[in-house]
Amino acid sequence: MSLPSVARSGVATAAALAAGELSSVVRRDTALRCTLCAEQLEDVHFVQCPSVGDHKFCFMCSRDSIRKQTAGTAPGGEVYCPSGEKCLLTGSNIPWAFMQNEIAAILGGTSGNDEPTRLTATTVSNSNKMKKEHDG
C-alpha cells in the first residue's frame, strides 16, 4: 500500500486535495492555545475574554499584559483584554476590563516557582457578569 502523495512529500498538492487524500493525513491540533504565545492552555485554567470567543490567554501573557497596561499609571485604572484591544461587552459600548481582584490574583498569586494562582475562565466570566450588573 503506498502512502498518499501528501505524506510522501509533506506538501498538500492539488492532486492530493482532489483525490481526498488530505483528510486521511492531516491531523488538526484541537488543543486550546494562548492567543498571544500559542502555548497550550490547561483545561479551564486560562483567561477568557468574555467579548471575543477566540481571545484566550495563558497566565504569563495575561500577567505581562497587565504589567504593560498599568506601567506608569495610577493604581486602580482600567486594564483591558490582553489582546491589546478594547473588546466591547456584548450588547454594550463599554469595553471589557479586568476587575481589581482578578488583577491581584494574576499578578500577586505567584509561588516560588512563578506559577500563577489559578483563575478559571468561569471565574473571569462570572466576575465580569457581576461587574456589569453592579455598574448597571
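All of the numbers you see were taken from the coordinates with simple rules; none came from a lab. Note that the coordinates shown come from a computational prediction; the quantities given were computed from them, not determined experimentally. Quick reminder, even Gly has a Cβ in these numbers, built from the backbone with ideal geometry, and neighbours come from all protein chains shown.
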Taking neighbour counts of Cβ atoms within 10 Å as a proxy for exposure, in what order, fewest first, do Phe57, Phe46 appear?
-> Phe46, Phe57
Just flag the trypsin sites (Lys or Arg not before Pro) in region 64-106 sitting in loop per DSSP whose Cβ has no more than 15 other Cβ atoms within 10 Å.
-> Lys86
Residue by residue through region 83-97, the couplings from Karplus 6.51 cos²θ - 1.76 cosθ + 1.60 with θ = phi - 60°, in Hz, x for Gly and Pro, are 5, x, 9, 9, 6, 6, 5, 4, x, 9, 9, 9, x, 5, 9
